[in-house]
1. Under 60 Å from the mean Cα position of the chain (by Cα), away from chain B (no Cβ under 11 Å), within 28 Å of B:P58 (Cα to Cα) and modelled with pLDDT under 85: which single residue out of A:A216, A:A225, A:A221 fits that description?
2. For A:P132, which of the numbered conditions (1) surrounded by 10 or more Cβ atoms within 10 Å (Cβ to Cβ); (2) under 20 Å from A:A44 (Cβ atoms) fails to hold?
3. Of all residues in the stretch A:340-377, which are outside any loop (DSSP other than H, G, I, E, B), within 18 Å of A:S419 (Cα to Cα) and at pLDDT below 90?
4. Condition test on A:E61, is it modelled with pLDDT of 90 or more, more than 21 Å from A:F149 (Cα to Cα) and not in a strand (DSSP E or B)?
5. Hey, does the stretch B:82-92 have a residue that's away from chain A (no Cβ under 13 Å), under 13 Å from the mean Cα position of the chain (by Cα) and modelled with pLDDT of 80 or more?
6. Residues being away from chain A (no Cβ under 14 Å) and part of a strand (DSSP E or B): count how many of those fall in the stretch B:29-59.
7. Under 7 Å by Cβ, and 6 or more places apart or on different chains, what pairs join a residue from the stretch A:336-350 that is touching a residue at least 12 places away in the same chain (Cβ under 8 Å) and over 11 Å from A:S441 (Cα atoms) with one that is of a type in the set (F, W, Y) and assigned to a helix (DSSP H, G or I)?
8. Would you mind telling me which numbered condition in (1) surrounded by fewer than 17 Cβ atoms within 10 Å (Cβ to Cβ); (2) in contact with a strand residue (DSSP E or B) (Cβ under 6 Å, 6 or more places away or on another chain) B:V30 fails?
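The values are calculated or read from the model by the stated rules, or taken from the named source; none is laboratory data. Note that this is a predicted model, so its numbers are computed, not measured. Every residue, glycine among them, receives a Cβ derived from its backbone with ideal geometry; neighbour counts consider all protein chains shown.
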Amino acid sequence: MDLPKIEIPALRADGTTQRSVVPVGERASVLIVDDTPAKLVALAAIVSGMALEIVTATSGEQALRQLLKRDFAVILLDVNMPTMDGFETATLIRSRPRSEHTPIIFVTAEAHSEAKHIRGYTLGAVDFIYSPIIPEILRAKVRVFVDLFYLQRQVLLHNEHLESLVAQRTAALTEEITERKSAEAALQQELVRHQETARELFDARVWLAETDRQEAVGRLAAGVAHEVKNPLAIIRLGIDYLSKEFARESTQGAVLGKVQQAIMRADSIITDLMQFSRQKSLARHPTQINAVVDNAINLVSHEITVRNIDIVRSYDDSMPPILADPDQLAQVFVNLLSNAAQAIGQGGRIEVVTRSIHLSERDLERDETGTFRIGERVIAAEIRDNGSGVSPDNQKKLFEPFFTTKPIGEGTGLGLAVSRNIVIMHEGSINISNRPEGGASALLMFPVAVEG
Amino acid sequence: MKQRILVVDDEPELTWMIKLTLEQTGRYEVRTENLAIKAIEAAREFKPDLILLDVLMPGMLGSEIAEQLEKDPELRAIKFVFLTAVVSKEDVQRASGQIGGHEFIAKPIGAEELCRFVEKKLSQ
């Protein structure tokens, strides 16, 4: 930062200042006011060697006229003048804002008049000088004010310079801040875009990996199924053959019976595994979920009747359709209804509720796949039972393949895993949790079919 | 006279077990063949009333054998049923597409079921 150099004049012991202030800009002017031309000339002569612009006036009126034209570093003002004396002139000088602070040195012969001194000071006189004038004293007094004038001008320039620097800097900073803010906003956008891209990439990779995995598992399962089914066929026929040779009541007969059951179990696991691992292409079309649930209820009606369970349907009949493969989706409800029936055991109640909802935050807690957003409209189907519920330990494992709570031979542990896959392929969510009033609730949510 | 059944499958143990099961009824005479390419020849020799035919065999598919049987005026009268390790409804549909809508038996089938099926088929 370039600031004009300021040199502070050092005061000398005699009260004069060292000639050290460098004049800045135009030369300083001095106004000498006296009604006596001879005195004017004498005063001018005294200050003539001080590199000053000297302006003279022979009356107060003339002095005021000069003050209209320019600023003075100092005014030498004779106190005793006809028509308008020095004090009156000073009063008028002071009344103008521009010359309000211009230093005035009163020139007077009456050295010891207290009253005049006081009056002079109240008029803003800065100094007095008494006749007969001693040139050195006058010059020293004038010098002080001239130096002051230059210093003030320097400070002023300095201030202006500083102000302009501050203004420049402020402008630059404002610009910088604006730029920075827009850069930040751009960065933020970029970041959001990157995050989105990263998420999409991640999803795509997960999807690819999942697809790869499913394909591999599908091929493997198909191969295994084919290879296992042949030996199972041999064993089954062999056992059946042997069974005819033994009476049912004998131990041998019982053993063979167990083997037959084991074969059936192995076969159903292979079949379920195939079903689970195969990537089925869904035949989805706009479907009323109520019809799908009705179909599923029919399919499990035997089990429901045998177990003496009441089914209560609470349907919303005015719901928009969902995009679904009705057969596949029915399989999901069959699994859930069958699980509910088994959790109840004998005698109980299953309530099936369908409704169209706008998702609240609480609903979202049951969207474990993170499929939906708050406020989104979904079709929900809930199966509530008053059975034994789900233990906290089992909660996490419910959808794991081969997890089952059923007695050996009654479940393959693939029902819910298959169901979950089917629901995900329908872009839906599935959640099973305990109801506060006891029993479990299975909640399925699906997006509304988009028209067109 | 006993009705004749030819069982064609690449698994000797399975064909043997099917033979035992069917012969246990005392109503059938059963011959087995484990080489698909020899199935036609065996049919010509044995002149069965029914052939149980595995769908997936090395060398020749069950459906190809069936095609040849149907083309041959001498063998056209022979009934046949497919054996398959298919597991799901889609498999069934795909398989029946492959085998021209013919009936099939899903492995592993039980003895009772197999005999009932064969009896029904032969009485048609």
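1. Values: A:A225 fails: away from chain B (no Cβ under 11 Å); A:A221 fails: away from chain B (no Cβ under 11 Å).
Being under 60 Å from the mean Cα position of the chain (by Cα), away from chain B (no Cβ under 11 Å), within 28 Å of B:P58 (Cα to Cα) and modelled with pLDDT under 85 holds for just one of A:A216, A:A225, A:A221, which is A:A216.
2. It fails just one condition, (1).
3. Residues satisfying the conditions are A:Q342, A:A343.
4. Values: modelled with pLDDT of 90 or more: yes; more than 21 Å from A:F149 (Cα to Cα): yes; not in a strand (DSSP E or B): yes.
Answer is yes for this residue.
5. As a first pass, look at the stretch B:82-92 and keep what is away from chain A (no Cβ under 13 Å): B:82.
Within this subset, residues satisfying the condition of being under 13 Å from the mean Cα position of the chain (by Cα) are B:82.
Okay, now just the ones that are also modelled with pLDDT of 80 or more, so B:82.
Yes, that holds for at least one residue.
6. Kept after step one, since they are away from chain A (no Cβ under 14 Å), are these residues of the stretch B:29-59: B:29, B:31, B:33, B:35-51, B:53, B:59.
Then drop every residue that is not part of a strand (DSSP E or B), which leaves B:29, B:31, B:33, B:50-51, B:53.
Residues flagged as away from chain A (no Cβ under 14 Å) and part of a strand (DSSP E or B) within the stretch B:29-59 amount to 6.
7. Between residues of the stretch A:336-350 that are touching a residue at least 12 places away in the same chain (Cβ under 8 Å) and over 11 Å from A:S441 (Cα atoms) and residues that are of a type in the set (F, W, Y) and assigned to a helix (DSSP H, G or I), there is no close pair.
8. All conditions are met except number (1).
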